[in-house]
Amino acid sequence: MKIAIVHDWLVTFAGAERVLAELIKLWPQADLFSVIDFLSDADRTKLSGKHAKTTLIQNLPKAKTRYQMYLPFMPFAIEQVDLSGYDLVISSSHAVAKGVITGPDQLHICYCYSPIRYAWDMQHQYLAETGLDSGLKGFLARLLLFKVRNWDHRTSNGVDYFISDSDYIGRRIRKAYRRDSTTIYPNVAIDDFPLHTAKEDFYLTASRMVPYKKMDLVVRAFAAMPDKKLVVIGEGPQYNKIKQAITPNVTLLGYQPFDVLRDHMQRARAFVFAAEEDFGIVPVEAQACGTPVIAFGKGGARETVAEGKTGIFFNEQTEKSIQAAVRMFEADFRVDPAAIRQHAEYFSTERFRREIKNFVEEKYTAFFQYRKSSEE
């Protein structure tokens with residue numbers, strides 16, 4: 001059996017790349033493909049040292065730092081990847097990887113983090129946040145996303161089986177593609193976040209500082225609660241905006257190494273999470289430490305946080321809603337670090353490996369038995 005694993009792009013090592021790393025460990029003989037590959041040597045070791053076979057975009061100007069500007073060419077580029085010699089294709093996709101061309105004698109399984117967010121239900125939010133919701137540039141952006149959306153829907157027909165990383169994304173797949181999917185939650189490195197039962201009097205939020213993460217919203221909410229302490233860890237395009245909103249009760253640490261992040265996660269009274277995420281790995285990491293989560297009650301957090309047991313939700317992405325949730329947490333929530341840790345263990349790497357290995361092998365066996373019988 002010849003296996004190809006196709007990933008969108010390899011620039012940083014984030015949540016999707018953690019899943020990719022486990023796919024490579026499960027099928028080390030597989031060849032790796034990606035639109036571009038600019039991983040650092042340190043991150044590449046996490047992919048068992050594999051280098052991806054890339055597309056024409058790899059050699060275009062500024063492809064490493066501004067690869068997003070080549071989105072209009074990515075559908076064409078990914079369709080030029082020749083996978084005709086492979087029996088099994090596994091795409092790891094939140095953008096274009098699932099658009100590779102396969103034939104009737106090949107099995108294509110897609111682990112889908114989301115249909116292209118900025119082309120589907122998050123289009124209007126994306127355009128507003130990037131200042132492309134009006135004018136000529138806005139018109140051109142909408143036209144581009146219209147074409148990407150049509151391509152994305154068409155190429156969904158080339159996937160034999162979809163795996164969603166949450167039920168929430170399964171519903172998005174159903175809405176965008178009219179396809180069913182099976183949920184297999186991504187791997188979280190639970191063992192890297194030991195249980196810590198002693199909690200201190202501060203709240204924590206940590207993420208990359210980009211608009212949809214709503215880090216600025218959390219900071220403004222706590223700025224209006226001077227008696228509550230908040231620690232903020234992260235960096236990104238919104239760093240200066242967030243820095244301007246800092247008050248004496250809010251500590252902005254910027255980027256911090258893993259050990260510092262984990263230490264704060266273990267000691268925090270609660271982790272505050274305001275994003276609408278597809279899955280959301282960081283809240284699970286906090287729970288692995290025995291730390292409860294105060295989260296926006298939409299998206300993957302609804303599946304990873306047990307309301308009233310491992311955390312509570314707020315229903316609107318507003319300062320008042322976060323403030324009300326913090327007050328409710330302090331008044332009513334009973335923290336049981338051991339029980340919170342036990343809940344987080346369900347999302348372990350071992351569970352992910354077992355479920356996805358069983359799924360792929362079951363579908364592969366059935367597919368090729370059917371192919372064999374149809375040829376006889």
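The values are calculated or read from the model by the stated rules, or taken from the named source; none is laboratory data. Predicted model only: the values in this text are computed from it and were never measured. When we count neighbours, we look across all protein chains shown, and the Cβ atoms used for this are built from the backbone with ideal geometry, even at glycine.
Checked against (1) crowded, with 19+ Cβ neighbours inside 10 Å; (2) touching a residue at least 60 places away in the same chain (Cβ under 8 Å), Met1 passes all but a single condition, namely (1).
Of the residues making up the stretch 4-18, those that are free of Cβ contacts under 8 Å to residues at least 60 places away in the same chain and farther than 20 Å from Ile184 by Cα are Leu10, Val11, Thr12, Phe13.
Which strands (runs of 3 or more DSSP E) sit wholly inside the stretch 1-104 and have at least 2 residues that are under 19 Å from Phe162 (Cβ atoms)? Steps first, please.
Details: elements: 3-7, 31-34, 88-93.
Filter on the stretch 1-104 gives 3-7, 88-93.
Number of residues in the stretch 54-86 that are out of contact with any strand residue (DSSP E or B) (no Cβ under 7 Å at 6 or more places or on another chain), closer than 23 Å to Phe367 by Cα and touching a residue at least 60 places away in the same chain (Cβ under 8 Å): the value is 1.
Give me a count of the residues in the stretch 317-330 that are assigned to a loop (DSSP other than H, G, I, E, B) and not β-branched (Val, Ile, Thr). Let's see the steps before the verdict.
As a first pass, look at the stretch 317-330 and keep what is assigned to a loop (DSSP other than H, G, I, E, B): 317-318.
If we keep only those that are not β-branched (Val, Ile, Thr) too, we end up with 317.
Counting residues in the stretch 317-330 that are assigned to a loop (DSSP other than H, G, I, E, B) and not β-branched (Val, Ile, Thr) gives 1.
Please indicate, with yes or no, whether at least one residue in the stretch 141-151 is of a type outside the set (A, V, I, L, M, F, W, C) and over 16 Å from Pro72 (Cβ atoms). Steps first, answer last, please.
Filtering the stretch 141-151 for residues of a type outside the set (A, V, I, L, M, F, W, C) gives 142, 147, 149-150.
The next check asks that each one be over 16 Å from Pro72 (Cβ atoms); those that pass are none.
No, the stretch 141-151 contains no residue that is of a type outside the set (A, V, I, L, M, F, W, C) and over 16 Å from Pro72 (Cβ atoms).
Taking the stretch 122-171 as the range and being among the hydrophobic types (A, V, I, L, M, F, W, C), in a helix (DSSP H, G or I) and more than 23 Å from the chain's Cα centre (by Cα) as the test, the residues that pass are Leu136, Phe139, Leu140, Ala141, Leu143, Leu144, Phe146. Residue pairs whose Cβ atoms lie under 6 Å apart, separated by 6 or more positions or on different chains, with the first residue in the stretch 318-337 and in the same structural domain as Phe202 (by TED's automatic domain parsing) and the second assigned to a helix (DSSP H, G or I), are Glu319/Arg220; Glu319/Ala221; Ile322/Ala221; Gln323/Ala221. Take the conditions (1) out of contact with any Gly (no Cβ under 9 Å at 6 or more places or on another chain); (2) closer than 27 Å to Gly15 by Cβ; Arg341 misses just one of them, which is (1).
Considering each of Asp192, Asp152 in turn, give the residue that is in contact (Cβ under 8 Å) with a residue 12 or more places away in the chain, of a type in the set (D, E, K, R) and crowded, with 18+ Cβ neighbours inside 10 Å. Walk me through how you get there before you give the answer.
Details: Asp192 fails: crowded, with 18+ Cβ neighbours inside 10 Å.
Testing whether each residue is in contact (Cβ under 8 Å) with a residue 12 or more places away in the chain, of a type in the set (D, E, K, R) and crowded, with 18+ Cβ neighbours inside 10 Å leaves just Asp152.
Taking every residue in the stretch 282-305 that is more than 14 Å from Leu261 (Cβ to Cβ) and pairing it with any residue that is of a type in the set (Lys, Arg) and in a helix (DSSP H, G or I), at least 6 positions away or on another chain, the pairs with Cβ-Cβ distances below 8 Å are Gln287/Arg341; Gly290/Arg341.
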